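**Student:** Okay, here's the structure, questions in a sec.
The values are calculated or read from the model by the stated rules, or taken from the named source; none is laboratory data. The model shown is predicted, which means the values in this text are computed figures rather than measured ones. A quick note on method: Cβ atoms are made from the backbone with ideal geometry, for glycine too, and the neighbour counts reach across all protein chains shown.
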Amino acid sequence: MPEITHLDRAHAPPRGRRVRVARLHAIKTDIAGHASDGDLSIANIAARHRLTPRYVQRLFESEGTTFTHFVCDQRLDAACRILAGRPFDRKRIGDIAFEAGFSDLSYFNRAFRRRFGSSPSELRKSRF
């Protein structure tokens, strides 16, 4: 095992920062695994990680984003993967949106267009 010198410690991030980075990584992994849950909320995530909702918000703010934005991106990515998959080419767009965790189809369509530059149906048509 290599010996850690005082120079190595000088270049390592402070312990508090490492803890915050690790917590945020764990939270993002948790969200990615539960993004399709319709009842996913910051309160649920905070409780599972034994943190306050405000602390979770601050972790996301430290990266220049928000909890809501991250969850939305995870859901949009999931919907895009489903739309791009051949076995799902007959599945209705609304069903895909709900399966990805969206409860409002209009919001899903607006968010999808904003993120990918086209509507879900346009993306689906462009594959063929």
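**Student:** Cys72 fails exactly one of the following numbered conditions: (1) over 30 Å from Arg18 (Cα atoms); (2) at pLDDT 95 or above; (3) buried (at least 19 other Cβ atoms within 10 Å of the Cβ); (4) hydrophobic (A, V, I, L, M, F, W, C). What is the number of that condition?
**Tutor:** (1)
**Student:** Residue check: is Arg50 modelled with pLDDT of 95 or more and surrounded by fewer than 15 Cβ atoms within 10 Å (Cβ to Cβ)?
**Tutor:** Spelling it out, Arg50 is indeed modelled with pLDDT of 95 or more and surrounded by fewer than 15 Cβ atoms within 10 Å (Cβ to Cβ).
**Student:** Which members of the stretch 51-92 meet the condition of being basic (Lys, Arg) and closer than 20 Å to Phe112 by Cβ?
**Tutor:** If the condition is that a residue be basic (Lys, Arg) and closer than 20 Å to Phe112 by Cβ, then Arg75, Arg81, Arg86, Arg90, Lys91, Arg92 are the ones that fit.
**Student:** Go through the stretch 64-115 residue by residue and tally those that are under 18 Å from Ser126 (Cβ atoms) and in contact with a Gly (Cβ under 7 Å, 6 or more places away or on another chain).
**Tutor:** Residues meeting the conditions: 0.
**Student:** If you scan the stretch 33-43, which residues turn out to be surrounded by 15 or more Cβ atoms within 10 Å (Cβ to Cβ) and part of a helix (DSSP H, G or I)? Reasoning before the result, please.
**Tutor:** Let us first name the residues in the stretch 33-43 that are surrounded by 15 or more Cβ atoms within 10 Å (Cβ to Cβ), namely 34-36, 40, 42.
Selection gives His34, Ile42.
**Student:** Give Arg54, Arg58, Arg50, Arg90 a once-over and let me know the one that is in a loop (DSSP other than H, G, I, E, B) and in the same structural domain as Ala22 (by TED's automatic domain parsing). Full working, then the answer.
**Tutor:** Details: Arg54 fails: in a loop (DSSP other than H, G, I, E, B); Arg58 fails: in a loop (DSSP other than H, G, I, E, B); Arg90 fails: in the same structural domain as Ala22 (by TED's automatic domain parsing).
The unique qualifying residue is Arg50.
**Student:** Contact list please: Cβ distance under 9 Å, first residue in the stretch 112-128 and in a helix (DSSP H, G or I), second residue modelled with pLDDT under 80 and acidic (Asp, Glu), pairs at least six apart or on different chains.
**Tutor:** Once the first residue is in a helix (DSSP H, G or I) and sits in the stretch 112-128, its partners that are modelled with pLDDT under 80 and acidic (Asp, Glu) give Arg124/Asp89.
**Student:** Just the residues that are under 15 Å from Ala26 (Cα atoms) and among the polar types (S, T, N, Q), please, taken from the stretch 41-51.
**Tutor:** Asn44
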